[in-house]
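In what follows, a single structure is set out as structure tokens and then discussed.
The values are calculated or read from the model by the stated rules, or taken from the named source; none is laboratory data. Note that the coordinates shown come from a computational prediction; the quantities given were computed from them, not determined experimentally. Cβ placement follows ideal geometry from the backbone for every residue including glycine, while neighbour counts extend to all protein chains displayed.
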């Protein structure tokens, strides 16, 4: 048996969840792994708060002391954000310690710097808890699929937005009410904009892309669009056509470079991600050997996150990880130019009810080289006619140009809604 | 960089798939893991066949020589079955080599012996390819969820039967035609009985149970029932009630002992396993920290299996696995007595159309302590009345006793069909 001393820096929800997990399940962990995990120190500026909730553990407010303590084998960084998290991780790695972190923002935005510091000895880095909560998706990607070239990743990476979209989809509830419900149930924070606007999912897909493609990703080149524009009308039209709207993180290697984005996406109702409901997350990894592998589970919460941290602690302790510097062996990714992205599109507009309009809109689409897959003209609106197009695959620049032109017509009323459509990659959906 | 010499014993579909994967993706594997995998020897009695398909690799028909060769780091055993596979694995482990195998039959039936031989040094054992093809489910269970007490596992563990049930469900095709279709498409062997009767899934759930509960399982105590009795009528009635029929492997720890079984199971159509179609497999692991985690992907085929073998080879080479002897630390499992198992049940029978019959059947169920959840009397059959009961949870002994008594009634015609129902564990299905 091997005893591993850890320090937890940041004793919030996840930190206290990790403490509770070790209290409860340490016997089973030791039995399976041969490793006994002892919390030597908890570092938090709220020293009295930690004292109240723990016994027999050193408590300090000074992270530097912890990150250099020769008796600590692994530092668990749980304060989040850029600084002082980055300094903590750097100091601990440079002191030869393993580091386990849930800090997706830091790794997505400055991963290149951090991964470089992680060496091949004890100074290694685990970050399972940074994506997908209790779902072992980083383990699957780094280790389980190590023999695969990864073709693409698609995922529901944020539980708050998936909860809201599920409520809108299944209950016909408009966005503000669904958001309020998510806040009341604890699935959304009081200021939910970080989740709602897609930034959280953006960090996660950027990080997954680095692991999948072994390149440093530029976070500012990730296209991010949230769900606050989604309304129940589009959800209902999507349903009529056999589609569901989900907020997806998508990463693909294309001829023009890496294409990484987060946006509301229409997927067929038989798609494996379509049936992932409420606060659940799901990551679909398409490997050249495995074909799609899908991992689904709770993407947030203290207990799932603690489970992921333990997985990393055990891996680091048993020498199991390759160096995190191997995550980004191939330098900086070339990002596809946004206008060059290929997608199918759903567009919805409201027009006057008179002859010739359909022909004019179809003409604009044709000018921009966009081929129409189907048109639906709804007759349910009292004043204006809702008109919906589904297109074949087209470049984004063409689509945006067409939208600009369409909006100029005087017979168009209100917004013109555009939602991207993905219907590739059905696990078990093809024969 | 570390060079690892492997030997492949058994150059069939999976063995040649592994050879092809290494030829194609070795650069990406080395980059990510720091490990260069070299095939030193291929062992197969069809020496000429191997010669035709490889170059620059030693070829032999003598496994003993390979299993003792001091230049081999890892032996990949792919011949399957009990002997000589068991002797090969034993010899290789005793010679201090790592062993990677896809041999679910051997591990399920004699895992206790094999796991004991696996030590903490180089003589370790990887068996990812034995369950779920390219899905990294054993990695998830042994490592990703190492901090969890596992409450239960439920899985679609056999692609052949899932393909057949999908065809029956979606195409209304009877069992024999669906089987013929699976055989024509290469998803079922000419003699498909090993898959159809549930034995393959039985091996897999037995092996998963050992990892989950850290106990040796007695394979002969696993209840196994196949799908050859399932007909389109029951599939259609199930659909009317919002259920889908899947062949599931189920393992739970109960008060009466470990409950492990394979049988056709009715699950609600919103259940995460319900939407897993065709040849796909899916494993749902319920951990006390994570809650359900579901892994889905292709469960068979040369390329997915090769991906799993590579994952093991890399893990063993980088020192990542705990000893396989840690898989079964807690001795022999106590199996629940079959009659004591708790389940809900669907029962369907055909009766004469006269008064009092429903009362008599309900009376028998009550005598056996079985409470009825719903009754449906179908009026579509020309001669007999189809009568369907859904029960609440009841002990299996009670259910079987009731079935015996019901079959004695002279107003019952033909078989009385019983299918177990599972509606717990909806990922995202509850709030």
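Things to note:
- Within segment B:306-319, the residues that satisfy the criterion of being facing chain A (nearest Cβ under 7 Å) and either in contact (Cβ under 8 Å) with a residue 40 or more places away in the chain or in a helix (DSSP H, G or I) (or both) are B:306, B:307, B:310, B:311, B:314, B:315, B:318.
- Out of B:355, B:382, one residue alone is farther than 24 Å from residue B:240 by Cβ, outside the structural domain of residue B:260 (by TED's automatic domain parsing) and surrounded by fewer than 14 Cβ atoms within 10 Å (Cβ to Cβ). It is B:355.
- Filter pass, residue A:145 being over 26 Å from residue A:37 (Cβ atoms), at pLDDT 95 or above and under 21 Å from the mean Cα position of the chain (by Cα): yes
- Only residues that are at positive phi and either more than 7 Å from chain A (Cβ to nearest Cβ) or not in a strand (DSSP E or B) (or both) were counted in segment B:285-305, giving 1.
- Selection status of residue A:358, over 28 Å from the mean Cα position of the chain (by Cα) and in contact (Cβ under 8 Å) with a residue 12 or more places away in the chain: yes
- Residue B:327 more than 14 Å from chain A (Cβ to nearest Cβ) and either in a helix (DSSP H, G or I) or touching a helix residue (DSSP H, G or I) at 6+ places or on another chain (Cβ under 7 Å) (or both): no
Residues are listed down the side, and each one gets a yes or a no for (1) away from every other protein chain (no Cβ under 13 Å); (2) surrounded by fewer than 24 Cβ atoms within 10 Å (Cβ to Cβ):
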residue: B:117; (1), (2): yes, yes
residue: B:126; (1), (2): no, no
residue: B:129; (1), (2): no, no
residue: B:133; (1), (2): no, no
residue: B:138; (1), (2): no, no
residue: B:148; (1), (2): no, no
residue: B:152; (1), (2): yes, yes
residue: B:169; (1), (2): no, yes
residue: B:174; (1), (2): yes, yes
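- Identification of helices (runs of 4 or more DSSP H) wholly contained in segment B:1-106 with 1 or more residues that are within 14 Å of chain A (Cβ to nearest Cβ) yields B:13-33.
- In the set A:401, A:414, only one residue is at pLDDT below 95 and farther than 14 Å from residue A:344 by Cβ; that residue is A:414.
- Residue match in segment A:262-277 (condition: in contact with a helix residue (DSSP H, G or I) (Cβ under 6 Å, 6 or more places away or on another chain), touching a residue at least 60 places away in the same chain (Cβ under 8 Å) and farther than 30 Å from residue A:389 by Cα): no
- Candidate set: segment A:13-37, residues that are within 31 Å of the chain's Cα centre (by Cα), surrounded by fewer than 17 Cβ atoms within 10 Å (Cβ to Cβ) and touching a residue at least 12 places away in the same chain (Cβ under 8 Å); chosen: the one farthest from residue B:148 (Cα to Cα): A:13
- Looking only at segment B:245-284, and only at residues there that are part of a strand (DSSP E or B) and within 12 Å of chain A (Cβ to nearest Cβ), the one that is surrounded by the fewest Cβ atoms within 10 Å (Cβ to Cβ): B:268
- Candidates B:225, B:170 - the one that is within 30 Å of residue B:386 (Cα to Cα) and within 13 Å of the chain's Cα centre (by Cα): B:225
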